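The values are calculated or read from the model by the stated rules, or taken from the named source; none is laboratory data. Quantities reported herein were computed from a predicted structural model and do not represent experimental measurements. All Cβ positions, even for glycine, are placed from backbone atoms using ideal geometry, and neighbour counts span all protein chains on display.
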Amino acid sequence: MKKEREVLLEADHLWKSYGKGAAKVDALADVSLKIYNGELLTILGSSGSGKSTLLNSLGGMDKPDKGMICCGGVDLCQMNDRALTSYRKKNIGFVFQSFNLIAELTAKENVALTADTSGDPGIVEKVFDMVGLTEKMKNYPSQLSGGQQQRISIARALAKNPALLLCDEPTGALDYETGKQILVELEKLVRTHGKTVVIVTHTQEIGKMSDRVIKMRNGKITEVVENDDPVPAESVEW
Ligand SMILES: Nc1ncnc2c1ncn2[C@@H]1O[C@H](COP(=O)(O)OP(=O)(O)OP(=O)(O)O)[C@@H](O)[C@H]1O
Ligand SMILES: [Mg+2]
């Protein structure tokens with residue numbers, strides 16, 4: 001029998017549109033979903049289907065026009081910008097396709113930037129250890145490979161000990177093998193460290209390593225697939 005799952009975040013009837021009249025696009029058209037504690041969730045869909053809009057809404061980076069996003073007893077959609085920024089800082093880790101590290105800072109300084117909210121003085125060392133890059137702490141981003149930069153950006157996201165890690169095309173800028181290493185890293189965060197991770201991707205095969213797959217098209221969720229037997233990231237091929 002399936003274990004009772006604890007809901008970490010619940011989105012209810014989200015709507016978001018861009019443009020007006022004939023040019024109006026519904027990026028989110030009545031989207032509802034739950035994210036469970038400790039799961040690895042993949043959001044799949046073709047370009048323009050609304051994946052990033054959804055992810056950014058769940059992380060408080062974007063505000064839907066209508067709907068509710070409940071997390072820890074609060075509704076993100078009702079928060080003002082200041083409250084939302086503070087919520088995001090404390091609770092959400094973001095990983096982007098394009099690493100977004102600050103070129104003038106070392107890897108360690110980049111990670112330390114987000115560490116102030118965690119309340120753990122050893123957190124920077126801990127997250128470097130988690131992504132296996134302790135020996136690169138003093139390097140600048142330009143002295144690191146793409147895969148290493150992405151691991152640093154994962155470490156940066158983890159340094160605030162977020163409830164939820166949201167990854168938008170985390171392998172998009174990487175070659176096949178390096179992309180796979182990042183997936184193995186993300187999988188380890190869920191399976192070994194009990195984190196909750198959401199991965200947005202175009203790549204259908206990546207869904208096989210996750211506990212659930214949510215498929216999107218034209219701003220709508222078209223399918224939710226439960227994966228009782230996720231494949232190890234190492235053996236996912238695309
Ligand atoms: N700031 C914006 N202004 C106008 N339209 C936007 C804006 N952001 C998104 N859209 C539109 O909303 C729809 C959903 O976009 P979104 O970026 O969420 O798609 P996506 O699934 O992440 O696509 P991709 O895989 O290419 O990243 C698209 O039609 C897009 O053109
Ligand atoms: Mg996108």
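Of everything in the range 18-27, what is assigned to a strand (DSSP E or B) and within 7 Å of ligand 1 (Cβ to nearest atom)? Give them in sequence order.
Correct list: 18, 25, 27.
Say we look at the range 66-81 and pick out the residues that are part of a strand (DSSP E or B) and among the aliphatic types (A, V, I, L, M); which of these is surrounded by the fewest Cβ atoms within 10 Å (Cβ to Cβ)?
That would be 74.
Conditions (1) assigned to a loop (DSSP other than H, G, I, E, B); (2) at pLDDT below 95, marked per residue:
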site	(1), (2)
166	no, no
194	yes, yes
223	no, no
234	no, yes
238	yes, yes
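When you look at residue 63, is it at pLDDT below 95, closer than 19 Å to residue 158 by Cβ and surrounded by 14 or more Cβ atoms within 10 Å (Cβ to Cβ), yes or no?
no
Looking at 93, 67, which one is touching a residue at least 12 places away in the same chain (Cβ under 8 Å), more than 22 Å from residue 210 (Cα to Cα), away from ligand 2 (no atom under 16 Å from the Cβ) and small (Gly, Ala, Ser)?
Checking each option against the conditions leaves just 67.
Exactly one of these conditions fails for residue 84: (1) of a type in the set (A, V, I, L, M, F, W, C); (2) more than 15 Å from the chain's Cα centre (by Cα); (3) crowded, with 20+ Cβ neighbours inside 10 Å; (4) at pLDDT below 95. Give me its number.
Every listed condition holds for residue 84 apart from (3).
Residues of the range 97-138 being more than 25 Å from residue 199 (Cβ to Cβ), at pLDDT 90 or above and either assigned to a loop (DSSP other than H, G, I, E, B) or hydrophobic (A, V, I, L, M, F, W, C) (or both), which ones?
103, 104, 105, 106, 112, 122, 137, 138, listed by residue number.
When you go through 171, 192, 203, 178 one by one, which is the residue that is surrounded by fewer than 21 Cβ atoms within 10 Å (Cβ to Cβ) and within 16 Å of ligand 1 (Cβ to nearest atom)?
203 is the lone residue from the list that is surrounded by fewer than 21 Cβ atoms within 10 Å (Cβ to Cβ) and within 16 Å of ligand 1 (Cβ to nearest atom).
Taking the options 93, 48, name whichever one is touching a strand residue (DSSP E or B) at 6+ places or on another chain (Cβ under 9 Å), in a loop (DSSP other than H, G, I, E, B) and not charged (D, E, K, R).
48
Could you list, in sequence order, the residues of the range 28-76 that are more than 15 Å from ligand 1 (Cβ to nearest atom) and of a type in the set (Lys, Arg)?
Of everything in the range 28-76, those that are more than 15 Å from ligand 1 (Cβ to nearest atom) and of a type in the set (Lys, Arg) turn out to be 34, 66.
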